[in-house]
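Here the structure is laid out as structure tokens; the discussion comes afterwards.
Every number here is computed from the coordinates shown, using simple stated rules; none is lab data. This one's a predicted model, so the numbers in the text were calculated from it and none came from an experiment. Reconstructed Cβ throughout: ideal geometry from the backbone, glycine too, with neighbour counts over all protein chains shown.
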Amino acid sequence: MANIVWASGLRVTAAWYVVTETDSALRDGQYVKGTILLVLRKRLETIDTARDELAYELAEEVKNQVDLLTGLNKDVKDLYRDENLFEDADLQMAGYAAALRVLTRYCTIDGVSMPHEAMRPRVKGQTTMIDELIAFAVNIANEYLVPDGVDRAVWEKSAGIERFYLKMLDMESKDIHVLSNYQNFAKAFKVQDYGVVMDEVKANHANLKSASQLGKRGMTAAEEFGPTLLRSVLYAVHLLQEDKIKPEDVLHQLRDLVPDYFRERERITALADYVSKKTAKTRPDESSNAMVLRDLVRRERV
């Protein structure tokens, strides 16, 4: 998309994400779940910049955009409504649009003409300067998609599929099950196969697998989700739910699963606490056992 905008001499000034998801029986299969509307204007100036300066500008623009929308959410909630004015998908798209506004404003970056660079023939397997800039901008936008209730230090240490699970758990706690959200955030966090953590993949009824549904499956190092800390936490919650194993034995298994366990205890308690809070309404039993796990780890004698 950025290639086309640059090559055509245009720049992005705004963007909206419109959900077009449907579960109509007239449409079988997986179709387009959302539409992005871009506002483009002629690039009238020839402005140059350097990558180092661009990095700061991208970070600032994305942060300001996301802060603006989250601030409006708070203001509107305080005034006259319970639900958010802008949902997570809107914040995600706003972050991307902010990044594109900055990038496409410039005609030359590090002495390279971006319109000419955009029109160069693509070589399979080659990463272009534009690819690198877009990836950098997307990463910045994604860094501001921290779910409510997750400590930023925990978020920064989380793998892509962990971020996906945490983010979607937050949305499910708000009774939002739009399939396009799962698809968009899976791409945003570069998840290889989000289907492995999905129970239902259906328009307006999508949802994650619970701790008990995940069970012990996919716990190997070869799996994307298997070796992560969050997966170990969910497995420990599953063991507590089974009620066939003593709490101290659950802790013993958790120690075996988590490398450098004692250094990770703070993050384990944070994740267990988050799972407990986000599943309180949807899966009360899982919520209760996640709280038990949190307290077990927190009170454990070292």
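About its Cα centre, what dipole magnitude does segment 154-302 give when the only charges are +1 on Lys and Arg Cβ and -1 on Asp and Glu Cβ, stated in debye to the nearest 20?
Dipole magnitude for segment 154-302 comes out near 240 debye.
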Can you find, among VAL112, SER158, ALA15, the residue farthest towards the positive end of the dipole of the chain? Put +1 on the C-beta of Lys and Arg, -1 on that of Asp and Glu. VAL112
Take the Cα atoms of the chain, find their three principal axes, and give me the spread along each one in whole Å, biggest first. 69, 44, 41
Of the residues LEU68, LEU145, LEU100, which exhibits the maximal mean-square fluctuation in a Gaussian network model of the chain defined by a 10 Å Cα contact cut-off? LEU68
Under the helix-only model (-39500 (n - 2.57) for each DSSP H run of 4 or more, divided by the residues of the chain), the mean residue ellipticity at 222 nm, to 500 deg cm²/dmol, is -16500 deg cm²/dmol
Which of these, GLY71, GLY125, GLY149, has the largest mean-square fluctuation under a Gaussian network model of the chain (Cα springs below 10 Å)? GLY125
Gyration tensor (Cα only) of segment 174-276 to equivalent ellipsoid, semi-axes in Å sorted down, yields 26, 15, 13
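Is there a quick way to get the dipole size of the chain? I mean about its Cα centre, with the Cβ of Lys and Arg at +1 and of Asp and Glu at -1; what is the value in debye to the nearest 20?
Dipole magnitude for the chain comes out near 340 debye.
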For segment 119-160, what is the charge dipole size about the Cα centre, in debye to the nearest 20, if Lys and Arg each add +1 at the Cβ and Asp and Glu each add -1 at the Cβ? 360
